[in-house]
1. According to the square roots a ≥ b ≥ c of the eigenvalues of the Cα gyration tensor, what is the shape class of the range 121-211, taking rounded for a/c under 1.5, prolate for a/b larger than b/c otherwise, and oblate for the remainder?
2. Note down the relative contact order for the chain as a percent, whole number, built from C-alpha pairs under 8 angstrom at least six residues apart.
3. How many percent of DSSP beta bridges within the chain run antiparallel, rounded to 5?
4. Cα axis of helix 13-24 to longest principal axis of the chain: angle in degrees, 0 to 90, nearest 10?
5. Once you have the Kirkwood Rh of the range 1-76 from its Cα pairs, apply Stokes-Einstein at 37 °C and 0.692 mPa s and quote D in µm²/s.
6. Output the Kirkwood hydrodynamic radius of the range 144-193, Cα pairs only, in Å rounded to one decimal.
7. Tell me the mean residue ellipticity at 222 nm calculated for the chain from its helices only (DSSP H runs of n ≥ 4, each -39500 (n - 2.57), averaged over every residue, nearest 500).
8. When the Cα atoms of the chain are enclosed in a convex hull and the volume is divided per residue, what value in Å³ results?
């Protein structure tokens, strides 16, 4: 077992922010801390985004601490632009990310350390910063008859771009930003499109400033503080009503249908007798936190989530979660990385002070 002070799991926005602040506070990569990432290359979840999501279509991408993203071509895929930026960032600050490394479990170890079991060996750490995000846990709802559908079903996580749907009848499920983006570009090439959401979509008009952002984050934070599974920030902010959305609504592309009751071999149906036949069901139904590797620590509350104060897990002060709940946005991830490192420094300082006290 290799001993370090801190293990950071994940090298997306939150993980790189934490690693930056660890270095800034005098900790050395591969000596005092290690960053583990299961992805094949730099870029976090951005590297897996669909090709049609160009950098110019990205909303609210905040720069990592200490290095701006400048001169990016808005017409280039966001996966290339942001992947290249993360790569340059890792090199500039010497973060030495280990990849691809899978973390299988985090358990109670010896001498008060956490035991982090990975595909490259075992680490014993005094503190853990978990920055695993959500991309690896796409949420697939289950509906009666789903296994009988003869067409294609896919999730946002595997969305290939609009060209694959040319001439097909496509049903998009989900009222978030991804669902509306998919729907609007698929409508340009598909034979027909349908949009289904559980709740009536809320479109937000007017500016969305700092005060509105803080209020939205506070709503998500309250759930986490109560130990409930976090909701996304966009779920409480609504969808921005921009020119593209207005045009799509005027053309009927964003005419929403209520959630269907069952899936049939040829499409979906409602209990009131309505039905539509489709070739594809695209589930734009979001993601869940990728935290199964933390299960041995028993951090979950009865409500199903991990109760967090700031970034610290209430049940174990050695564990900090960043990019979780209210810090899932890019600007929130930056702040959470800094806050987590502050908490870790306090923990390490207390440990050193206890070790310095003579026995007896």
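1. oblate
2. Normalised by residue count, the contact order of the chain is 22 percent.
3. Here the antiparallel bridges make up roughly 40 percent for the chain.
4. Taking Cα atoms only, the helix is inclined about 20 degrees.
5. Translational diffusion coefficient: 231 µm²/s.
6. 11.5
7. Estimated from H runs of four or more residues: -8000 deg cm²/dmol.
8. For the chain, the hull spanned by Cα atoms encloses 154 Å³ per residue.
Read-outs: derived from the displayed coordinates by stated rules, not from any lab. On a predicted model such as this, the values are computed, not experimentally measured, just so you know. Reconstructed Cβ throughout: ideal geometry from the backbone, glycine too, with neighbour counts over all protein chains shown.
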